[in-house]
Structure formats: structure tokens, C-alpha cells
Amino acid sequence: GWWNSLIGAGKVIDTDRFFVVCPNVLGGCQGTTGPASPHPDGTGPYGSRFPRITVRDQTVVEAALATRLGISTWHAVIGGSMGGMRALEWCVSFPDRVRASAILAVGGAATAEQIAWSATQNNIIRADAGFQGGDFYGGPPGSGPHRGMTLARAVGQITYRTEAELDDRFGRGRQGDERPIEGGRFAIESYLDYQGEKLAQRFDANTYIVLSEAMNLHDIGRGRGGIGAALA
């Protein structure tokens, strides 16, 4: 739903004029090979055996998809955050295949603060006893690092928003008729609980870690003489 106001007939990305291709990323949990995918040796999911990947790896996979689809050149590549990292990699790795780009909410490399927040979230997931070193698949319903995922998502939600926005949206309001002074929750606590639980129900914990680490490794200048040289 993030792109609904931009993509569609007559909208900024006009589907009456353009086809829109939105592939799942390498390492994801909704289509492309990821930690929950079967390992080629037939012993079950990759789990803890899934290799470390980079945004550059993800872009190489997308280029292979484009070739398979018969697309030699994109009218534009567009993305924000991790999608912006991939769009930037497209421009540098495959400049002849990209006519234009819109790169949102991302720099040329992950910053120390970004790495710190992602590493903290990943360590919260790993500290959950249900994580089992990343090999938690096949357990009974309710097993797995759900609490760790919920807390990690809460940390992530805080980093996505500003202090002013949180004060404006939630302030010190309480959740429903709960009374924080008696052990109830503030509205912001309820919001973080809801967002975390929702993600934990639909998203693979190993994928959360794999994609976070790929974002931490983002550096458009790696092996290219630095960011300035790469973008030049």
C-alpha cells in the first residue's frame, strides 16, 4: 500500500503508459530464494546456512530477471530505503540498462547510526530462545522467535519516525480505557505492540536479519574507488 497514491491509471507512474515490475528481493520470504526456502541438499530450509548477501547481489538477480523477461532497458528504476539502494546499484552496475531513476531516502552507504540500529534489532531477534540459532523451522504452532521479532520491529518503527511526529500523533495519550499508572499502556506502546505482532505473524525472522545485514553492507563505492568515483 505504500505506492498506491503514485502507481495506477493516470497517476505519477501511469499504468496506462508503463508496465510496472516489482520483484521480490533475493533473501526475501515471498517468492525469491531466502532462508526459509528449501536447501538444495534436501535437508530442509536454509535457515542458519543461508549465505550473507549484499544489495549488489540482489541487483544482479534483478538484472537476470529483466534479461529473462526480455527487458534490455528500463524506462526508470524507482525505490526508497532498501529499494533505493537497489535502484542506486542499478544505475552504477548497469548504467546502459537504466534511462532514469528516482532514489528516495537513502545515501551512498549505510551510516554508523543505521548500522547500529539494525544490529540492535538483529541481536534482539537472536536473543529470543525461540530463534534456535536460526533453525527454528518445523516447530509446533507458536514456536519461533515471535517475541524477538515484535521487539525488533518496535525499535525499527521508532527509527522511522521523528520525535515531533510521535508527539503529535500519540502524545501521552493512553490506549482506550487503560490507565498507565495502574499498569495499562500508553497509546504509543499499543501501537508498537500492534505493529510488531503484525510483522511477526507474516515475516520470516531470518529474512529480517539477512535483509538488515544487506542494508548495513550497502556501499556504492565498495571496490569502485569510493562513493564519488562510483557515482561519477
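The values are calculated or read from the model by the stated rules, or taken from the named source; none is laboratory data. Keep in mind that this is a model prediction, so the values were computed, not measured. All Cβ positions, even for glycine, are placed from backbone atoms using ideal geometry, and neighbour counts span all protein chains on display. Heavy atoms of the whole protein, side chains included, go into the accessibility calculation; ligands, DNA and RNA do not. Shrake-Rupley method; radii C 1.70, N 1.55, O 1.52, S 1.80 Å.
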Per-region count, segment 1-30, residues assigned to a loop (DSSP other than H, G, I, E, B) and more than 15 Å from Y208 (Cα to Cα):
19
Being out of contact with any Gly (no Cβ under 7 Å at 6 or more places or on another chain), free of Cβ contacts under 8 Å to residues at least 24 places away in the same chain and not in a loop (DSSP other than H, G, I, E, B) is the filter here; which residues of segment 125-146 pass it?
A129, Q132
Among G144, G156, which is the only one that is touching a Phe, Trp or Tyr at 6+ places or on another chain (Cβ under 6 Å) and open to solvent by less than 20 Å² (accessible area, probe 1.4 Å)?
G144
Of all residues being part of a loop (DSSP other than H, G, I, E, B) and more than 15 Å from the chain's Cα centre (by Cα) in segment 101-124, which is surrounded by the fewest Cβ atoms within 10 Å (Cβ to Cβ)? Just the residue, please.
T111
Kindly state which helices (runs of 4 or more DSSP H) lie completely within segment 160-232 and contain at least 1 residues that are farther than 25 Å from Q30 by Cα and out of contact with any Phe, Trp or Tyr (no Cβ under 7 Å at 6 or more places or on another chain).
163-169, 187-202, 227-231
Working only within segment 23-81, note down all residues that are within 30 Å of G139 (Cα to Cα) and basic (K, R).
R49, R52
Which residues, counting only those in segment 82-100, are exposed (fewer than 15 other Cβ atoms within 10 Å of the Cβ) and of a type in the set (A, V, I, L, M)?
A100
For segment 38-59, which residues satisfy the criterion of being within 19 Å of D219 (Cα to Cα) and assigned to a helix (DSSP H, G or I)?
V55, R56, D57, Q58, T59
Which members of segment 194-232 meet the condition of being at pLDDT below 95, open to solvent by 60 Å² or more (accessible area, probe 1.4 Å) and touching a Ser or Thr at 6+ places or on another chain (Cβ under 6 Å)?
E197
Mind checking whether some residue in segment 60-76 is part of a loop (DSSP other than H, G, I, E, B), under 24 Å from F203 (Cα atoms) and open to solvent by 40 Å² or more (accessible area, probe 1.4 Å)?
no
